Structure formats: structure tokens, C-alpha cells
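Since every read-out is calculated from the coordinates, none of them should be taken as a lab result. Note that the coordinates shown come from a computational prediction; the quantities given were computed from them, not determined experimentally. When we count neighbours, we look across all protein chains shown, and the Cβ atoms used for this are built from the backbone with ideal geometry, even at glycine.
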Amino acid sequence: MTRSPLKLLRRSSPSLSQASLSQAQQAYLAKELRSRRQTLFLQRMLFLLLLALWELGVLCGVIDGFIFSSPSRVLLCFASMAGNGSVFLHTGVTLFETLLSFLITTLLSLMLAVLLWSSPRIAQVLEPYLVLLNSLPKSALAPLLIVWLGASLKAVVVSAVSVALFSSVMALYTSFVSTDPELIRLIRSLGGGRKEILLKILLPSSVSVIISTMKVSIGLCLVGVIIGEFLAADSGLGYLIIYGQQTFFMDQVVTSIAILCLISSLFYRGISLLERKTARRGGSR
Amino acid sequence: MTPLLEVRDVSFSYHTMEGETKALSHISFSAENGQFIALVGPSGCGKSTLLNLLSGLTEPESGTVLLNGRPISRSAARIGYMFQRDCLLEWRSILSNAALGLEIQGRLTEETESELKAMLETYGLGGFSHSRPSELSGGMRQRAALIRTLALKPDLLLLDEPFSALDYQTRLAVCDDICSILRQNRKNAVLVTHDLSEAISAADRILILSSRPGRLKAEIPLYFSGETSPIRRRNMPEFSSYFNLVWKEMNEDDTLSS
């Protein structure tokens, strides 16, 4: 769904183009391709323009580089942090914590959603609690978790999981219970029980929901990790940001934010890749 | 000899917080081996409910359903069910869709799989066994669904308006097609439909249900001269007289009884 239209066009055109295409179709394709290239070009220009304005603003003294930092300061800061290796350490810590909590969230939420689906009674009893936990701002729990678990990796991961877990469980459970009842009747008429319904219908028909839930939850995990690192860590990008802010070292804050931007877009791309793969496979058995 | 299917004084109601809806009331009938029965009645008369009871997916509130003389839940007889929609799973190929029942019952062996392939071949789906359901036409999809059901070698086949999702032309062709397949295999079948002409063209016997709560209103055995296919039946003189008869029975004294 999110695949770049440009790539889509490129992928599909070789098989179609050449011989069989009418002139009107060729003209249409060329026009589409041109318009998409222009969009991409404008997107990149906008980015460069914003960077240039920022840099110029600092150079001309319109904004204070000490407080607002600037692209060149960020580059310098990155270079010096790369020199002593600290930037890789902190980025690595954040990446590891995020991936770990994402893994836990995904597995745990699948298991919980299956449990809720398999027992309507448990689902009914737990519903108000789930709604409450889902709407509670989980960042409020983080200080509590840190006291309970100590300022450690454990606390960071648990707070990240708590941020992402409940919405993920709700999304999966909703998808499970809204499965076409006719398909469930089919499995029953063929002599299957709950296990077969789960394996042959529920999971395969929920592949796209599972992946879109993963897309949301990896973002939420990153949020949770940063909150955790703000409060209780001696490494990680969240720690760098809060430490930079306390020491008024804004270049470090902005550099860390820039790295975070990169990480989150990388995660998003990773899941999109997975999405495309399963879509192409048609979710075959 | 015990009849294949015997329904004795079956009643069923749906319960919600708002109240009770009587769907079926005191239904009794039986079917001999090799018979094709059609159930017709106004919409909402409980036809599909009756079919669900016959399949054993739902238990009757009172009365019994016997298959080969034993209650369905304990009967060794196999029941095949075809739904209004073909319910083919898009994430499986046609072959693997057709194998679903065998797979679930743990009967998918090399032998049954080659039987399945032969069936796909016989019914004109041989070249499509690796296609996705969405690549097939409505009629072909319904045929694939039939193969999925027949692969389990059911003793009794339940058809819940299996052609109603198709457009009229396809519907005639697919009905003809599938009914011929069932006759060749001498399958016992119960067809639920609201289409009178479909019922008359396909069945050996028609059961007419009244409007809700569904009671058995009339039973009409059909005799057509010679082996006939549904489409040929539609052109025979008996067809229109049966149509008038069924039509009259369906609409008669509905005001009196309700």
C-alpha cells in the first residue's frame, strides 16, 4: 500500500511496455512517470530548502545557534561523537531496546489476542480493564516501573512494552472477532474445531492486520524506549537528549533527534518491506 | 429399512435479550437413500435453520434428527455442507482449497490428493489447481467449493442456496452442472432455495415450509418422464404444472394459518 508509486510503475512497466502498448497508453505512462518524478524532486528540494533556511538563519543571526543549533553544528557534533564512538554505542542501545520490546510486544499481543478470542468469558471479564489500560497514557506508568524494576534495561523495555502492548492486543482481538462467521461455519462443517479455525482461518486472514499492527507498535515501542531512557538510563539516544538538555548542549540534542528520525523511518520501511512480501505471496500456505 | 434421514417433530427458537423468535415448529419428514430434496418457503421461514439442524452444527430444541437411524452427533455418516457463498480462501490455491476438508480431518494422503486432482480434472478445473480463487469465474468457484465438499465423500449433502450469489445465466448453468454431478454420484442431497423453478428443476421431492414459525405445509413428489437435467426439465410440460401447484401451495391459506 505504501510502496512508492514510482517503483510500482517501474516494476510493472517492463512487462507491459514495448510491443503491445498503444500510443495513448505510452503517453499516459510517460506523463504519470514525469509527474511522480516531479513530486519526488519537490520533496527533496523542500528538505534542502528548510536546511538552508535554518543554516542561513543562524549565520545571519536571526536565530541563536547556541539554542537552535544548525545543520553544520549537527554535522560537527555527529563527527566528533562518531570519532569517539559514543554515537554508535547510544544508537545501538536504543536500537536493541526497541527491537527487543517490539519482539516481546508482537509475541505477547498475539498470544493475548488468541487467548481473549478463545475464551469469550475471559474477554468479557477483562474488557473494561483493557479499555482502561488502552486509554491510560502509559508514560505515566514509567516512573512507577523504574522504581519497581530499578534504573536498568529491564525498566526501559518494560515501559516500552507497556506503551505498545494494549493497543496492539485490542487491534488484533478486534480483527479476530470480526472474522467472517461464514468461514468459521465452513471449518466447523468440515469437522474442524477451534484449533483449525485459528490456524486455517484466523491467522492467515489476519496477516495484513498483524502487519499494520506491527507498524504501529514499532513506533510506539520507540516512544516507550525514549521515555524509559529519559527517566532511567545511562546510555541510549533518550539519555543523550535529556543529558544534552540539562547541560545546554543543544547540538547533541538535535543530533540525537536527527538519528531518531532516521531510525524510525528505517523501521517503517522494514515493515513496509515485510508487508509487500506477504502481499505478493498472497499469504499462501 | 431405516431411512437415511429422519426428522422427528423438530422445533427451534432463537433467543435474544429482546425475546424469543420461533423459527421452526414441529417439523417431521424422512428421506430415502439417493433422494434429492428441495426445501422451499418464504424468506425468513427457517429454511437455513433447518439445514443447520440437519448438519448437526446446531442442536434442535426439541425433537430428533436421525441419520441412518442414529442421532447426528453420534452418527458415523458424513455430512457435506455447501453455503450461499463459495467461501474459498484467497490465501490458498484452488487445489489446497479443495483439500481443506481432508486436511482438517487428517485424511490428506498421497492417495486422496491424487483423487482430488482427478476430480478437479473431471470437473474442468484441472488447469486451475494452482490458481487463486479470485482468478476464477463465479461458476468455477462454486464448482471448486463442491469438490471441496465431495472430496470428503459425504453421505448427505446440504446445499444452502448455493447458486443465489451468481447472476441468472451463470446460475442456470451452474445449477445444471452441479445437479448433474450429484445425480451421477447418486448423492443424497437437501437443497434450500427460495427459487421455485430451481427447486422443481433439480429435486425429486419438494417440501414447502410456511412463513415463520416454519411448519411443514406440503410435500410434493416430482415425476418427470425419463432421466432429465435441470435445464431440460424447464422445457417439459410437467414443469409448469408443478410450478403452479407449488405456487398455489405456498400461497394458500397463509392468511388462515398465521
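Computed quantities for the displayed model
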{"read-out": "Count of Lys pairs (Cα-Cα under 22 Å; at least 8 positions apart or interchain) in the range A:75-281", "value": "4"}
{"read-out": "Angle in degrees between helix B:110-122 and the longest Cα principal axis of chain B, rounded to the nearest 10", "value": "70"}
{"read-out": "Global form of the range B:180-247, assessed from the alpha-carbon gyration tensor, a/c cut-off 1.5", "value": "oblate"}
{"read-out": "Lys/Arg +1, Asp/Glu -1 at C-beta; the range B:1-83 dipole; positive extreme among B:Gly44, B:Met82, B:Gly19", "value": "B:Met82"}
{"read-out": "Dipole of chain A, positive direction: furthest Cα of A:Leu237, A:Val114, A:Ser208, with charges on the beta-carbon", "value": "A:Ser208"}
{"read-out": "Residue with peak Gaussian network fluctuation, chain B [Cα springs, cutoff 10 Å], from B:Pro221, B:Pro230, B:Pro213", "value": "B:Pro221"}
{"read-out": "Neighbour-count ranking [beta-carbon atoms within 10 angstrom, fewest first] of B:Asp86, B:Asp9", "value": "B:Asp9, B:Asp86"}
{"read-out": "Global geometry of chain A, whether rounded, prolate or oblate, following the gyration tensor of its Cα atoms and the 1.5 cut on a/c", "value": "oblate"}
{"read-out": "Computed [θ] at 222 nm, helices only, for chain B once each DSSP H run of length n ≥ 4 contributes -39500 (n - 2.57)", "value": "-10500 deg cm²/dmol"}
{"read-out": "28 Å Cα cut-off, lysine pairs counted over chain B (separation 8 or more, or different chains)", "value": "12"}
{"read-out": "Likely footprinting exposure, A:Ser70, B:Ser229, B:Ser73, fewest C-beta neighbours within 10 Å first", "value": "B:Ser73, B:Ser229, A:Ser70"}
{"read-out": "For the range A:21-38, Karplus couplings with θ = phi - 60° (6.51, -1.76, 1.60), whole Hz, Gly/Pro x", "value": "6, 6, 5, 4, 5, 4, 5, 4, 4, 4, 5, 4, 4, 5, 5, 5, 4, 4"}
{"read-out": "Packing-based exposure ordering (other Cβ within 10 Å, fewest first) of A:Thr94, A:Thr106, B:Thr58", "value": "B:Thr58, A:Thr106, A:Thr94"}
{"read-out": "The range B:88-154 shape via C-alpha gyration tensor axes, a/c threshold 1.5", "value": "prolate"}
{"read-out": "Relative contact order [Cα under 8 Å, 6+ residues apart], chain B, whole percent", "value": "25"}
{"read-out": "Peptide B:101-109, shielding by other chains (average Cβ, 10 Å cutoff)", "value": "3"}
{"read-out": "Loop-located GluC sites (Glu not before Pro) in the range B:161-258 whose Cβ has at most 10 other Cβ within 10 Å (DSSP)", "value": "B:Glu227"}
{"read-out": "Farthest positive-ward along the protein assembly as shown dipole, Cα basis, beta-carbon charges - from A:Val125, B:Leu136, A:Leu222", "value": "A:Leu222"}
{"read-out": "Charge tally in the Cβ shell below 11 Å around B:Glu6, where Lys, Arg are +1 and Asp, Glu are -1, B:Glu6 excluded", "value": "0"}
{"read-out": "Cα centroid separation - the range B:132-198 against the range A:219-285, whole Å", "value": "54"}
{"read-out": "Neighbourhood net charge (12 Å Cβ-Cβ; Lys/Arg +1, Asp/Glu -1) for B:Ser164", "value": "-3"}
{"read-out": "Share antiparallel - DSSP beta bridges, the protein assembly as shown, percent rounded to 5", "value": "55"}
{"read-out": "Rounded to the nearest 20 debye, dipole of chain B from Cβ charges on Lys, Arg, Asp, Glu", "value": "240"}
{"read-out": "Helix-only [θ]222 nm of chain A, DSSP H runs n ≥ 4, -39500 (n - 2.57) each, per residue, nearest 500", "value": "-27000 deg cm²/dmol"}
